[in-house]
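Working notes for the structure below.
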Amino acid sequence: MARAELEAGPRRQDARRTALPLRLLTSRGRHELAQHALARPFLTVLVVYAVSRLVALGAMWVAATWFQNPAGVGHNDPTVADLVPLWDTVWYRSIVEDGYPVPLPVDADNGRITYSAWAFYPLYPYLVKALMVTGLSFNAAGIGLNVVLGAVAAVLVLALLRTDHHAERQPQRERLALVAACLWCFYPTTAIILKPYTEALAVVIVAGALLLLVRRRYLLVALAAVPLGLTRGIAPALGVAVLIHLVVRWREDRAAGRTPLAGERTAAVVMLGMLGVAAVAWPVVAALATGVPTAFFDVQAAWGQQPDEGPFVLWFVWAWEAKGAGGVLVLVWLVATYLALVLGRHGRWLSVETRAWALAYPLYLFAVVRPITSMWRFLMLDLPLAALVASVAMRTANGEKVVPHWRRRVGVVVLLLVGGVVWWTASLLTYTPWGSFPP
């Protein structure tokens with residue numbers, strides 16, 4: 001017994017000596033992997049984006065196999081392919097195949113304007129229609145376009161978050177930006193990019209426009225306003241970010257003894273004018289095409305929008321009816337926390353333009369959109385949200401530096417996001433005729 005213990009002692013010491021280099025190699029390997037990722041950030045984010053597509057596809061398989069009600073797809077064995085044509089896909093397909101209805105459809109029972117394709121903007125479905133000339137089906141063209149646009153969006157998000165112009169100094173900016181862009185790829189509603197929806201196109205336009213704004217390419221921002229006005233009704237929010245940028249630059253120029261916006265005032269006016277045009281373009285087109293001046297807004301009202309109730313009102317009513325005063329307090333607390341993150345230490349490493357969008361876009365949504373489950377999907381365009389999450393996960397309480405164990409913290413965040421992808425896909429992307437909420 002004693003001899004066995006004596007022989008075991010050296011073996012344990014050898015094992016410990018062997019384990020130490022293995023731990024060092026593992027640590028060194030992680031460091032080298034991180035350096036490799038930072039050296040090729042755009043390739044890294046594309047690889048992560050590809051992985052996130054597989055995760056989203058897996059979530060759709062789980063949703064189809066275990067959560068999709070057969071009544072919603074018409075047969076007993078739902079598949080991933082059955083989830084693609086559901087919800088707004090129906091309307092985009094109708095635009096591609098039949099265009100926009102004229103005159104406006106009305107309810108046969110009460111004569112009021114009812115649901116129609118006029119609630120949906122035209123650029124994305126017509127891009128899909130153009131791709132279908134190659135022989136692709138609607139679903140294949142829509143998904144293929146979105147997968148490519150999603151990759152472009154991930155690259156633009158990274159480029160936007162890396163910029164240090166009009167931003168607080170941050171030595172770890174490159175690392176933070178890369179992690180944030182990767183986290184954006186795992187936003188819980190990311191499976192929507194595997195359906196014919198407009199999110200990917202909208203993110204490309206918004207991220208591209210903000211990046212051009214930071215670089216002071218005002219005429220190119222004006223050009224970006226054209227497709228934005230035909231994709232989503234969010235030009236007013238981008239206009240707020242543009243105004244904040246111009247105010248900051250005006251003050252900087254004056255402080256430096258320069259003529260504010262010297263040589264670029266005309267370009268700035270054109271940029272603002274085009275954003276104004278983009279804000280009203282589709283409602284004007286709908287009015288001219290149908291002969292009804294309020295056509296777009298009447299159709300939106302049929303879908304449940306109630307702008308006449310006033311900004312933010314419906315959200316407070318919803319919170320009060322759901323949980324009373326406690327619900328209202330929770331809503332106010334959530335908004336205040338978000339504002340504190342954007343304006344505080346976790347947001348100051350971002351450019352002023354990015355922070356302006358982080359404020360303008362969600363507040364605009366809450367002002368004009370009623371409380372619906374689609375808000376989860378709409379917030380995919382709140383690109384700085386991923387940057388705030390990355391900052392909270394990676395940096396110290398005072399925001400001065402990245403903590404040594406940031407990888408573990410980010411790993412936990414990724415696991416939570418993957419869980420969110422599965423939850424959202426299974427809960428909202430599936431369809432039951434008598435009891436589902438729209439994604």
Practice task
Residues being part of a helix (DSSP H, G or I) and over 30 Å from Lys129 (Cβ atoms): count how many of those fall in region 163-203.
Solution key: 11
Problem - Failed criterion for Ala356 (all others in (1) under 21 Å from the mean Cα position of the chain (by Cα); (2) in a loop (DSSP other than H, G, I, E, B); (3) of a type outside the set (Lys, Arg) hold) - result: (2)
Completion exercise
Checked Val299, Val328 against criteria (among the aliphatic types (A, V, I, L, M), in contact (Cβ under 8 Å) with a residue 24 or more places away in the chain, more than 30 Å from Leu211 (Cα to Cα) and out of contact with any Cys (no Cβ under 8 Å at 6 or more places or on another chain)); the one match is Val299
Completion exercise
When Ala390 is run through (1) within 18 Å of the chain's Cα centre (by Cα); (2) modelled with pLDDT under 95; (3) small (Gly, Ala, Ser), the failure sits at (2)
Fill in the blank from the handout: For region 54-107 the number of residues that are among the aromatic types (Phe, Trp, Tyr) and over 30 Å from Ala287 (Cβ atoms) is 3
Fill in the blank from the handout: Screening Val412, Val330, Val369, Val392 for residues that are touching a His at 6+ places or on another chain (Cβ under 7 Å) and surrounded by fewer than 20 Cβ atoms within 10 Å (Cβ to Cβ) leaves only Val392
Problem - Any chance Lys195 is over 21 Å from the mean Cα position of the chain (by Cα) and either closer than 30 Å to His346 by Cα or among the charged types (D, E, K, R) (or both) - result: no
Problem - Condition check for Trp66: of a type outside the set (Gly, Ala, Ser), in contact with a helix residue (DSSP H, G or I) (Cβ under 9 Å, 6 or more places away or on another chain) and exposed (fewer than 14 other Cβ atoms within 10 Å of the Cβ) - result: yes
Completion exercise
In region 333-342, residues that are touching a helix residue (DSSP H, G or I) at 6+ places or on another chain (Cβ under 9 Å) and more than 17 Å from Ala393 (Cα to Cα) total 2
Problem - Failed item, numbered, when Arg23 is tested on (1) at pLDDT 95 or above; (2) among the charged types (D, E, K, R); (3) more than 23 Å from Trp423 (Cα to Cα) - result: (1)
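Yes or no, residue by residue, for (1) in contact with a Ser or Thr (Cβ under 6 Å, 6 or more places away or on another chain); (2) over 17 Å from Val204 (Cα atoms); (3) surrounded by fewer than 19 Cβ atoms within 10 Å (Cβ to Cβ):
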{"residue": "Thr114", "(1), (2), (3)": "no, yes, yes"}
{"residue": "Ala117", "(1), (2), (3)": "yes, yes, no"}
{"residue": "Val128", "(1), (2), (3)": "no, no, no"}
{"residue": "Leu131", "(1), (2), (3)": "no, yes, yes"}
Completion exercise
Taking region 244-301 and keeping residues under 17 Å from Pro101 (Cβ atoms) and among the acidic types (Asp, Glu) leaves Asp298
Practice task
Quickly run through region 363-396 and pick out the residues that are within 22 Å of Leu149 (Cβ to Cβ) and in a helix (DSSP H, G or I).
Solution key: Leu365, Met375, Trp376, Arg377, Phe378, Leu379, Met380, Leu381, Pro384, Leu385, Ala386, Ala387
Problem - Test: residue in region 244-262 that is among the β-branched types (Val, Ile, Thr), in a helix (DSSP H, G or I) and either at pLDDT below 95 or crowded, with 17+ Cβ neighbours inside 10 Å (or both) - result: yes
Practice task
Scan region 245-259 and give yes if some residue there is hydrophobic (A, V, I, L, M, F, W, C), closer than 15 Å to Val352 by Cα and in contact (Cβ under 8 Å) with a residue 12 or more places away in the chain, otherwise no.
Solution key: yes
Practice task
For region 267-315, name all the residues that are among the aromatic types (Phe, Trp, Tyr), in a helix (DSSP H, G or I) and under 24 Å from the mean Cα position of the chain (by Cα).
Solution key: Trp282, Trp315
Practice task
Check whether at least one residue in region 352-363 is touching a residue at least 24 places away in the same chain (Cβ under 8 Å), in contact with an Asp or Glu (Cβ under 7 Å, 6 or more places away or on another chain) and of a type in the set (A, V, I, L, M), and report yes or no.
Solution key: yes
Exercise for the section: Tell me, yes or no, whether region 28-37 has at least one residue that is at pLDDT below 85, touching a helix residue (DSSP H, G or I) at 6+ places or on another chain (Cβ under 9 Å), closer than 30 Å to Arg162 by Cβ and not hydrophobic (A, V, I, L, M, F, W, C). Expected result: yes
Problem - Residue check for Pro404: closer than 30 Å to Thr79 by Cβ, assigned to a loop (DSSP other than H, G, I, E, B) and of a type outside the set (Gly, Ala, Ser) - result: no
Practice task
Considering every residue within region 221-239, establish whether at least one is out of contact with any Gly (no Cβ under 7 Å at 6 or more places or on another chain), at pLDDT 95 or above and either over 30 Å from Ser374 (Cα atoms) or acidic (Asp, Glu) (or both).
Solution key: no
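The values are calculated or read from the model by the stated rules, or taken from the named source; none is laboratory data. From a predicted model like this one, the values you see are computed outputs, not experimental measurements. Note that we place each Cβ from the backbone using ideal geometry, even for glycine, and neighbour counts take in every protein chain shown.
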